[in-house]
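The next block holds one structure in the form of structure tokens; read it before the comments.
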Amino acid sequence: MLSKTLASVLRATCAGVVVAALAACSSTPKPKPAELPANPATLGVSQAWSLKLPAVTFPLHTAVTGDTVTVAGTDGTVVAIDARQGRELWRVQVGAPLSAGVGSDGQMAAVVTRDNELVAITGGKVLWKERLAAETFTPPLVAGRRVFVQTADRTTAAFDGQTGRRLWQQSRAGADALVLRRPGVLLPFGDTLVTGIGARLVGMNPANGISRWEVPVASPRGTNDVERLVDLTGTVSRVGDSICARAYYAAVGCVDAQRGVLMWTQASVGSVGVSGDDTMVYGVDNSGTVVAWRRADGQRAWSMDRLRLRNLTAPLAVGSTLVVGEDTGTVHFLSRQDGAVLNRLVPDGSAVETAPVVAADTVVVVTRNGGVFGYRPN
């Protein structure tokens, strides 16, 4: 176990963890990446539209439902956008800075404030607020006229979408002492609620929270709580019955969610989520290497290290390309065949804060300065 002194030092110096940080957080200066070569610009990309939010400095999840994209600024501003034209559908201020969001089913949106309030929004108006017992960094899931949340103490709860009444709550006894200050996994799969609890992908009955199956994507290792921290984190890739996810600094793996069994897992030291298609799963490790694994068996298909030592977002697989953001403010368009660089652009010069998404054939990028940009590859 960590001593109180060490825990407090780690808590003060690394922002990635609620109680403590990974041993990977250190004072050793990180080597600088090589200069980027000239932009090949072999793929045409045009900016279709842009909008402005307040600054985005929390772990934003950009919600996509049909042609609608819902985003939020740290100050509590939530905005729904028609991705076809970049037209603002509604904008609301929930009254407090945010720690998690956005979740949306296209009719209702939900966020969580730093005051631990779950806030439901309909038609650009706050419908209800409900106090949570712990911090939340995972965006709420809005599905089946309910709002599901997972708090940092690994408690999963369901609320009635219209009234905010708590329907059920399930806590995990004996859970790991430390959790990430990062978005976890929460998504629907048919009539099953799928969430991440530690290194396990868990399928729950959405009516009562009872587990139907649990599958470990990685195995905790190490001699202390920091080294054993392997929460599932970031974006996931679902194609049919296959759900693929990242275990923080440990592995990438795929689960057959229909049968509740592990398909494969591969060691991968990374901290952002994954994307994929029906044949491949794509991810970025902590060295800046972009990797493609075969979805069927987890064998590595290719890797690309031209962005080595750069801090990258999770990739977005769209069309024939992968789209990856960077903390320098650059957006890279790569080939899905081998990772070759096709184009790059800089939206507003500030860091790309969250994984790009696609809606209405438009790649949507959100920056730290609050820029929301829609791009269309030609």
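Structural remarks
- Verdict on Val215 being outside any loop (DSSP other than H, G, I, E, B) and either at pLDDT 95 or above or within 29 Å of Gly325 (Cα to Cα) (or both): yes
- Within the range 360-378, the only residue that satisfies the criterion of being of a type in the set (Ser, Thr, Tyr) and under 18 Å from the mean Cα position of the chain (by Cα) is Thr367.
- For the range 157-178, the count of residues that are closer than 29 Å to Trp264 by Cα, in the same structural domain as Ala83 (by TED's automatic domain parsing), aliphatic (A, V, I, L, M) and touching a residue at least 60 places away in the same chain (Cβ under 8 Å) is zero.
- Restricted to strands (runs of 3 or more DSSP E) entirely inside the range 29-101, those with at least 3 residues that are touching a residue at least 40 places away in the same chain (Cβ under 8 Å) are 45-52, 63-65, 68-72, 77-82.
- Residue match in the range 309-325 (condition: at positive phi, at pLDDT below 95 and not aromatic (Phe, Trp, Tyr)): yes
- Of the candidates Gly349, Gly329, Gly339, Gly325, the single residue that is in a loop (DSSP other than H, G, I, E, B) and buried (at least 22 other Cβ atoms within 10 Å of the Cβ) is Gly339.
Conditions (1) touching a strand residue (DSSP E or B) at 6+ places or on another chain (Cβ under 6 Å); (2) of a type in the set (A, V, I, L, M, F, W, C); (3) part of a strand (DSSP E or B); (4) farther than 21 Å from Glu353 by Cβ, marked per residue:
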{"position": "Val236", "(1), (2), (3), (4)": "yes, yes, yes, no"}
{"position": "Arg246", "(1), (2), (3), (4)": "yes, no, yes, no"}
{"position": "Asp278", "(1), (2), (3), (4)": "yes, no, no, yes"}
{"position": "Val291", "(1), (2), (3), (4)": "yes, yes, yes, yes"}
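- Residues that are of a type outside the set (Val, Ile, Thr), surrounded by 19 or more Cβ atoms within 10 Å (Cβ to Cβ) and closer than 19 Å to Trp293 by Cβ were ranked within the range 305-322; the one that is nearest to the chain's Cα centre (by Cα) is Ala314.
The values are calculated or read from the model by the stated rules, or taken from the named source; none is laboratory data. Not measured: the values here are computed from a predicted model. Cβ sites come from the backbone with ideal geometry, for glycine too, and all protein chains shown count toward neighbours.
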